[in-house]
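The values are calculated or read from the model by the stated rules, or taken from the named source; none is laboratory data. Nothing here was measured: the structure is a model prediction, and the numbers come from that model. We place every Cβ from the backbone using ideal geometry, glycine too, and count neighbours over all the protein chains shown.
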Amino acid sequence: MLLPSRQGYTALLIACQCGTLDLAVLLIANGANLSAVTNRRMSALHLAAEGGDVDLVRMLLMAGAPLETRSSTGDTPLTLATYFGHVEAVEKLLAMGANPNAIDDDGHVAGRWYDEAVAEAVKKQISKTLRAARKQRQGSSVAVGEELEMPDVEPDSSTGLLA
């Protein structure tokens with residue numbers, strides 16, 4: 001593999017920043033480091049989430065990319081996807097277990113950046129996750145594509161965390 005650039009970008013990080021799925025797959029298949037980060041501690045998953053490339057996000061997660069890594073400003077892939085309004089990437093990250101209450105170094109909660117579409121996606125995914133966990137505890141399973149009831153989930157006015 002090539003050495004990182006002066007800014008810490010490896011070939012995989014560049015492929016993810018550019019949204020080049022086929023190249024990212026090829027690099028990972030040939031041993032690219034999924035934990036590599038730029039000088040600002042941006043991982044491949046950060047860059048894919050920031051760009052909103054849900055196929056790239058999905059592939060990186062399936063390949064074992066760390067989900068909750070933090071950039072030099074405390075951003076997680078989820079906080080970046082929410083900030084840029086990438087609804088599908090937000091849904092995928094939440095479905096894979098990303099923390100919806102992640103807070104960056106400036107104290108911003110991912111939920112504070114939601115536009116309406118992202119807020120709805122987060123609420124829906126949290127509802128699905130909670131319902132699936134409840135059904136699992138009760139010994140039943142959730143059917144693929146099953147419609148789930150939406151609870152009211154709003155950020156707490158004092159903390160900004162999702163209730």
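When both residues are 6+ apart or on different chains and their Cβ atoms are under 8 Å apart, which pairs have a first residue that lies in region 94-113 and is charged (D, E, K, R), and a second that is modelled with pLDDT under 85 and part of a loop (DSSP other than H, G, I, E, B)?
Arg112/Gly160
If you go through region 123-139 one residue at a time, how many are modelled with pLDDT of 70 or more and touching a helix residue (DSSP H, G or I) at 6+ places or on another chain (Cβ under 8 Å)?
Looking only at that region, the number is 3.
Conditions tested, residue by residue: (1) over 24 Å from Gln7 (Cα atoms); (2) of a type in the set (D, E, K, R); (3) assigned to a helix (DSSP H, G or I); (4) under 9 Å from the mean Cα position of the chain (by Cα).
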site: Glu68; (1), (2), (3), (4): no, yes, no, yes
site: Thr73; (1), (2), (3), (4): no, no, no, no
site: Val90; (1), (2), (3), (4): yes, no, yes, yes
site: Gly97; (1), (2), (3), (4): yes, no, no, yes
site: Pro100; (1), (2), (3), (4): yes, no, no, no
site: Asp105; (1), (2), (3), (4): no, yes, no, no
site: Ala117; (1), (2), (3), (4): yes, no, yes, no
site: Val122; (1), (2), (3), (4): yes, no, yes, no
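Considering only residues of region 24-38 that are assigned to a helix (DSSP H, G or I) and in contact with a helix residue (DSSP H, G or I) (Cβ under 8 Å, 6 or more places away or on another chain), which is farthest from Arg58 (Cα to Cα)?
Our first condition is that a residue be assigned to a helix (DSSP H, G or I); within region 24-38, this holds for 24-29.
Of the ones still in play, those that are also in contact with a helix residue (DSSP H, G or I) (Cβ under 8 Å, 6 or more places away or on another chain) are 24-25, 27-28.
Working: Ala24: 12, Val25: 11, Leu27: 16, Ile28: 14 Å.
By that ranking, first place goes to Leu27.
Each row is one residue, and each column tells you yes or no for (1) closer than 22 Å to Glu120 by Cα; (2) buried (at least 17 other Cβ atoms within 10 Å of the Cβ).
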| site | (1), (2) |
| --- | --- |
| Ser35 | no, no |
| Arg58 | yes, yes |
| Leu61 | no, yes |
| Gly64 | no, no |
| Leu67 | yes, yes |
| Thr76 | yes, yes |
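Could you list, in sequence order, the residues of region 38-56 that are crowded, with 22+ Cβ neighbours inside 10 Å and either among the aliphatic types (A, V, I, L, M) or touching a strand residue (DSSP E or B) at 6+ places or on another chain (Cβ under 6 Å) (or both)?
Within region 38-56, Met42, Ser43, Ala44, Leu45, Leu47, Ala48, Ala49, Leu56 meet the criteria.
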